[in-house]
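My structure is below; once you've seen it, I'll send some questions.
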Amino acid sequence: MTAPIETTGAAAEAQPEAVLEGAGKGRIEGRSLGQIAWSRFKRDKVAVAGAVIVVLLIALAILSRPLQALFGLDPNAFHQDLITPDTSLPKGSWGGMSMDHPLGVDPKFGRDIATRVLEGSWVSLVVAFGATILSNVIGAIMGVIAGYYGGRVDNIISRLMDTFLAFPLLLFAIAISATLQGGAFGLNGLPLHLSVLIFVIGFFNWPYLGRIVRGQTLALREREFVDASRGMGAKGPYILFRELMPNLVGPIIVYSTLLIPTNILFEASLSFLGVGIQPPQASWGGMLREAVTYYQVDPQYMIVPGLAIFVTVLAFNLLGDGLRDALDPRSR
């Protein structure tokens, strides 16, 4: 009969170290949820392309005024020598495109279209981002309160959402914008127009995000980490803003990227109807309104701002779709 082999203490301790040494060559590191979402997002080439375009558009909007000052550009400078006196149309083909004016000039005044599109970019993005932030703040707070407390609080907030959703928003925005054109709250001119548009678009759009946040909160409030916070004596505000809100960041970000292009279109629509940004300030919607008179004889003037709106909205939508898939793989 073979005698059992005795293992000394040193040998017993050496064995796990050898195992760990071999396992170290193929070490597996944990990844955070953000890293996992980023790896998913990078694999979506279309979403990455949309993100690149969005970053470039934001950079151009931020640098719009510095670029104009650097290169001596003026979106409101008239060039009557480039306009045919009889027809008020730009001289030359394709709307007067040239080396000095690569996108042509507008009819009647001869203003550089490229400079006006660049100037209008920051107007559209300021209104879109400002209205989106306002909608998100109100919608997220109201939605998480309704979802967490439920009962009478939920009923009151839900009926408030239904009331806001019943408003004919476009007609209401036209009425408010037209009423406040002269001046209000100590503001006038461009600051007033921007403030009115941000308020009207943002304040009446919050119920959409509010419903999304409310639905997510109804599911999250029954999770173990919320029960643990209650068991440790945490009060409602702490649970709302320290436990629930961080878990709602993903849906809010995704909804924001999809709401921004909607707000860009809304601002362009109001400016097109004459109750948004007022001339001589350049805006994409205002340029389209001016182009209506000349689109048959000078289509270039309508194509350029129309393409600017199209590319911007498409880029944000592609980015939003990519973020949705990255943050919630079940949506694929």
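Which condition number in (1) modelled with pLDDT under 85; (2) farther than 30 Å from residue 327 by Cβ; (3) in contact with a helix residue (DSSP H, G or I) (Cβ under 7 Å, 6 or more places away or on another chain) is the one that residue 37 fails?
(2)
Among the residues of region 49-64, which ones are within 9 Å of residue 318 (Cβ to Cβ) and of a type in the set (A, V, I, L, M)?
Of everything in region 49-64, those that are within 9 Å of residue 318 (Cβ to Cβ) and of a type in the set (A, V, I, L, M) turn out to be 49, 51, 53, 54.
On to the next question. For a quick check of your reading of the model, give me the residue pairs whose first member lies in region 156-170 and is more than 16 Å from residue 209 (Cβ to Cβ) and open to solvent by 50 Å² or more (accessible area, probe 1.4 Å), whose second is β-branched (Val, Ile, Thr) and part of a helix (DSSP H, G or I), with beta-carbon atoms closer than 6 Å and at least 6 apart or on different chains.
none
Picking from 145, 133, which residue would you name as being open to solvent by 50 Å² or more (accessible area, probe 1.4 Å), in contact (Cβ under 8 Å) with a residue 40 or more places away in the chain and not acidic (Asp, Glu)?
On inspection, the qualifying residue turns out to be 133.
Moving on to the next point. Among the listed residues 103, 63, identify the single one that is more than 19 Å from residue 287 (Cα to Cα) and modelled with pLDDT of 90 or more.
63
While we're on this one: Inside region 273-292, can you point out the residues that are open to solvent by 10 Å² or more (accessible area, probe 1.4 Å) and under 17 Å from residue 172 (Cβ atoms)?
Result: 273, 274, 275.
Just need a number here: residues in region 205-244 that are open to solvent by 20 Å² or more (accessible area, probe 1.4 Å), among the aromatic types (Phe, Trp, Tyr) and closer than 30 Å to residue 266 by Cα.
1
Would you mind finding the one in 59, 69, 37 that is of a type outside the set (Asp, Glu), in contact (Cβ under 8 Å) with a residue 40 or more places away in the chain, surrounded by fewer than 20 Cβ atoms within 10 Å (Cβ to Cβ) and farther than 22 Å from residue 271 by Cβ?
Just a single option satisfies the conditions, and that option is 37.
Still on this structure, please answer the following. Conditions: (1) under 25 Å from residue 189 (Cβ atoms); (2) surrounded by 18 or more Cβ atoms within 10 Å (Cβ to Cβ); (3) among the aliphatic types (A, V, I, L, M). Residue 302 meets all but one. Number of the miss?
Among (1) under 25 Å from residue 189 (Cβ atoms); (2) surrounded by 18 or more Cβ atoms within 10 Å (Cβ to Cβ); (3) among the aliphatic types (A, V, I, L, M), the lone unmet condition for residue 302 is (1).
Still on this model: Kindly evaluate residue 264 against the criterion of being among the hydrophobic types (A, V, I, L, M, F, W, C), modelled with pLDDT of 90 or more, more than 22 Å from residue 123 (Cα to Cα) and not in a loop (DSSP other than H, G, I, E, B).
It is false that residue 264 is among the hydrophobic types (A, V, I, L, M, F, W, C), modelled with pLDDT of 90 or more, more than 22 Å from residue 123 (Cα to Cα) and not in a loop (DSSP other than H, G, I, E, B).
Now a separate question. Go through (1) part of a helix (DSSP H, G or I); (2) within 30 Å of residue 325 (Cα to Cα) for residue 31 and report which single condition fails.
(1)
Hey, another quick one. So, of the residues in region 197-229 that are more than 17 Å from residue 249 (Cβ to Cβ) and hydroxyl-bearing (Ser, Thr, Tyr), which turns out to be farthest from the chain's Cα centre (by Cα)?
Only one residue fits best here, namely 229.
If you don't mind, another one. In the set 112, 106, which member is more than 22 Å from residue 191 (Cα to Cα), of a type outside the set (Phe, Trp, Tyr) and open to solvent by less than 10 Å² (accessible area, probe 1.4 Å)?
Every option except 106 fails the conditions.
The values are calculated or read from the model by the stated rules, or taken from the named source; none is laboratory data. Nothing here was measured: the structure is a model prediction, and the numbers come from that model. Cβ coordinates were reconstructed from backbone atoms using ideal geometry, including for glycine residues, and neighbour counts include every protein chain displayed. In case anyone asks, the SASA skips ligands and DNA or RNA and just uses the protein heavy atoms, side chains included. Shrake-Rupley method; radii C 1.70, N 1.55, O 1.52, S 1.80 Å.
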